[in-house]
Amino acid sequence: MDHVSLGLSSGAIWLFVPALLISTAFAIWTYRHTVPRATKARRYTLIALRSLGIAFLLFALFRPVLTLTKSQESTPAIGLVLDNSQSMQLSESGAQVETADSARSRRSAMIGSVSSIFSPELLKDSAKLQSFSVGDKTSPIFFASKHALDTLKTNASVTDLSSVFRTMKEVRGTKNIEAIVLYTDGSFTAGSNPIYSAEQLGVPVYAVGLGDSSEVRDVSLTQLFTNEVATVGVTQPVDLTVHAAGMKAGEQVTVSLYAEEEKLGERTVLMKDGASDQQVSFQFTPKKEGIVKLSARATKLSGEITEKNNVRLAYVKVLKNKFHVALFAGAPSSDVAFVRSFFENSPSIELKTFIQKQGGEFYEGKPTAAALHDIDLVILIGYPIGVTSDESIGQVRDLLSRDAKPLLFIPSRDIDFAKLSALSDLLPFKFSAQRVATNEIKVNPVLNPQQTENPILHIPPADEKAFGWNALAPLFKTETHIEARPESDVLLEATMQGVKIGEPLLISRRLGTRREIAFTGYGLWQWKLLSFGREQAFRAQSHTSDTAGGAHVMSALDVLLGNAMRWLTTREDDKRVRIEPARKFYEAGERIEFTGQVYDESFQPVDNADVTARVSGSSLTRPLDLVLEPLGNGRYAATLPQGLAAGDYAFTGSAAKSGKSIGTDAGRFNVGEFNIEFAEPRMRADILREMASRTGGKFYTPATAANLLKDLMADPRFKPRQLENKRDYELWNFWPLLVLALLCFSTEWWIRKRAGML
């Protein structure tokens, strides 16, 4: 069925039609009498020419769009999606499998199930069935012969199940996909959670789970956590999570940590019966500046389903110089003492304090330009107060505004909001200096649920059970109303007796090259002493291990200040040139993509720059040079379609325009040592069941999938659908209309001139 409609991009139809009628009436009225008198045929010709000319001009003003819609009934089709990732090489039953060709692999179980359920004729019928494979993306596959299934290589290094539903949404524009049959183990290693993507699409998913959903015998390193930025000579913890399943109590696993090729240490972990997660901690002291590869390895146990998940890698950027921190305080206080103690005890920080005393002077002496020239971070605690000089405030303002230094702000009861107004535009919150209240109240923190993954609030794995942000001691706050700026993030909110009072307690803001974190309450020293109980507080304060209590536990204040310092002083997001591979870890021979972003001094995208990268590594006899092609809007890309051999690689990149350098970047990536596809060897039946349930489909295994097609066909939603194909024609943007308008007016003028008409 065809349908034609006319719409307007500018203006309303009730204006366009009267304007068209009025213009026609005006043309008729103009030529009702002519001098000299014209023949009826000539008058009608002139009326028509003027009416058409004005109509064409109205078309340009109202911008009409002609829409042609073709609709046709389309028979329902099935979207068949096959997992093409490397996890399909694992065992279907939980036993060890060495190759993808093994009769016991998930790949062979998938091929066998598809062959038994879908006839060769149906697989070839594109009107009834559309076939796809899913790995790092979802791609169509074609069953031209009965052996097409055997060509499925199952070699993708990641699985993005959410891409299935993005692709199906596009395909449904032209094909009536009314059911999705998904063969996978349910483990997604890239992209977003597929459950929500499937639910949004609204098409029933018939999931066929591959693999064993029970915990199979396996040891894996599921997490390696350490600071991404370190300093030469400064020790930092490296925390590992060892997941074991199918174990017998008393079995041992040795975990070793390496920095490059140097062994930092090893730990022996006693296994518990069944499945368990255990924490292992190491200490890492960087010895040189640059990017250092940390690799953790667990010994292989007999009977493991795979040993490819016994390794974890991380890259740490090691900085040579210390951070220089300036702390301004309106007066000595407990908060000043505890914050000062934290930064003074950090070997990577050089702290300069400027604490006011009576009369506006400072205990350490007056801050000078020379003392402040190399500052990397500014901390304000209860600053400014009533006697703070304008000169001192001006120095702080220069650091925050002119030099764009990051800020950590903690108030006090004695802070002078009128003087703080001089810094108001540099703070992540708003307040009224005319409506200041000095009454003090106690407020409890509650975590903003939208900020659970914020790096400022990250809790190391070893301390996750020790505390939560919602259970910390209350802080003090004056009744002065404080409001977060629109571009700020509220991390913690203030509550009284469990009721939110509508004010933030912890705020962060990233604006251009500036970063700021601000508390609106004070008394943070309590988070050092009172958050865990007396025994844990003692351990946290003394920084020693308690033999009865187990591993060392950091205080909430230490965790928060450490996270805040890293977030405030890490300036990777401010680089004008960013060049990096799409991922940190690849398989040997896998296609490697490099991406680049280039910005000017104002952080506006730079197009048509000369962007290059040089890759070096042990498997390369000479460096490999790449030219990144422009994609528009300051983005660039290059590809190594043939991939690289297994090994560790480093790269350097640069960008220039008109012969002038814009900036450089560098980094490292790995090929072949770590494969995330084997990190979770069991079938994620929980994900597949939930996906099927939320979409109205069903869950099967290859052993129970015999009735899949029958169940699918019985679904009342599997029915024909009207598919519409719309095509818009912008009549106002059609150049012949302008030519016709000019032709009408010029012909009218020529006829009038020939007839000698006034």
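Quick notes on this structure:
- Residue 432 paired with residue 256, simple spin-label distance in nm, labels 7 Å along Cα-to-beta-carbon: 6.7
- Length gained on full extension, residue 300 to residue 70, computed as 0.36 nm times the residue gap minus the Cα-Cα distance: 76.6 nm.
- Electrostatic dipole magnitude of segment 320-422 [Cβ: Lys, Arg +1; Asp, Glu -1; Cα centre; debye, to 20]: 140
- Calculated P(r) of segment 384-424 - Cα pairs past 11 Å, %: 66
- For q = 0.14, 0.16, 0.18, 0.22 Å⁻¹, Debye-computed log10 I/I(0) when each Cα of segment 223-371 counts as one equal scatterer: -0.78, -0.89, -1.01, -1.27
- Percent of Cα-Cα distances greater than 25 Å, calculated over segment 342-465: 37
- Highest mean first, the peptides 449-456, 106-113 sorted by other C-beta atoms within 10 Å per residue fall in the order 106-113, 449-456.
- Zone residues, segment 26-60, relative to residue 754, backbone N less than 15 Å from point 7 Å out along Cα-to-Cβ: 38-47, 49
- Projecting the Cα atoms of 642, 685, 659 onto the dipole axis of the chain, where Lys and Arg carry +1 and Asp and Glu carry -1 at the beta carbon, places 659 farthest toward the positive end.
- The GluC sites (Glu not before Pro) of segment 167-258 that meet both conditions, a loop assignment by DSSP and at most 14 other Cβ atoms within 10 Å of the site Cβ, are 228.
- With N counted as the residues of segment 126-216, its alpha-carbon radius of gyration over 2.2 N^0.38 Å works out to 1.11.
- Surface share of carbon and sulfur [accessible, 1.4 angstrom probe, percent] for the chain: 52
- FRET E, pair residue 60, residue 601, Förster distance 45 Å, beta-carbon r, rounded to 0.05: 0.65
- Segment 564-718: C-alpha pair distances exceeding 27 Å, %: 49
- Spread of Cα-to-Cα distances over 10 Å intervals beginning at zero, given as percent, for segment 437-527: 15, 49, 30, 6, 0
- Filter on 430/528; 137/169; 263/288; 357/419; 293/317; 357/477 - keep pairs with C-alpha separation over 19 Å: 430/528; 357/477
- Low-density loop positions, chymotrypsin sites (Phe, Trp or Tyr not before Pro), segment 294-393 - DSSP coil, at most 15 other Cβ in 10 Å: 363
- Each residue, residue 618 and residue 248, gets one label point 7 Å from its Cα in the Cβ direction; the gap between the two is 3.7 nm.
- Using the rule -39500 (n - 2.57) for each DSSP H run of four or more residues, divided by the residues of the chain, the 222 nm mean residue ellipticity is -6500 deg cm²/dmol.
- Expressed to the nearest 5 percent, the antiparallel share of DSSP beta bridges inside the chain is 75 percent.
- Cα point-scatterer Debye curve for segment 378-533, base-10 log of I(q)/I(0) at q = 0.12, 0.15, 0.17 Å⁻¹: -0.53, -0.82, -1.04
- Excluding same-chain neighbours fewer than eight residues apart, the lysines reachable from residue 272 by a Cα-Cα span under 20 Å are 248, 300, 465.
- A crude spin-label estimate for the pair residue 291 and residue 150, with each label 7 Å from Cα along the Cβ direction, gives 4.3 nm.
- Radius ratio Rg over Rh of segment 171-279, counting only Cα atoms, Kirkwood formula for Rh: 1.15
- Residues of segment 600-629 falling in the label zone of residue 658, defined by backbone nitrogen less than 18 Å from a point 7 Å along Cα to beta-carbon, are 600-611.
- Surface listing: 318, 446 arranged by accessible area from highest to lowest gives 446, 318, probe 1.4 Å.
- Solvent-accessible area per residue for segment 23-91 (1.4 angstrom probe, square angstrom): 49
- In Hz, Karplus ³J(HN,Hα) per residue of segment 611-626 (6.51, -1.76, 1.60; θ = phi - 60°; x = Gly, Pro): 10, 10, 9, 10, 10, 9, x, 5, 8, 9, 6, 8, x, 9, 9, 10
- For the chain, the relative contact order is 16 percent, taking Cα pairs closer than 8 Å that sit 6 or more residues apart in sequence and dividing their mean separation by the residue count.
- Gain on full stretching of the segment that runs from residue 25 to residue 479 - 0.36 nm per residue minus C-alpha separation: 156.4 nm
- Peptides 578-589, 120-131, ordered by how many other C-beta atoms sit within 10 Å of their residues on average, highest first, read 578-589, 120-131.
- Stretchable slack from residue 121 to residue 706, in nm (0.36 nm times residue separation minus alpha-carbon distance): 208.8 nm
- Accessible area in square angstrom per residue, segment 328-383, 1.4 angstrom probe: 43
- Highest-first arrangement of 27-36, 666-675, where packing means the average Cβ count within 10 Å: 666-675, 27-36
- Compared with the rule-of-thumb size 2.2 N^0.38 Å for a compact globular protein, the chain has a Cα radius of gyration ratio of 1.26.
The values are calculated or read from the model by the stated rules, or taken from the named source; none is laboratory data. All values reported here derive from a predicted model rather than from experimental measurement. Backbone-built Cβ (ideal geometry, glycine too); neighbour counts: all protein chains shown. To get the accessible areas, we keep the full protein, side chains included, count just its heavy atoms, and leave off ligands, DNA and RNA. Shrake-Rupley method; radii C 1.70, N 1.55, O 1.52, S 1.80 Å.
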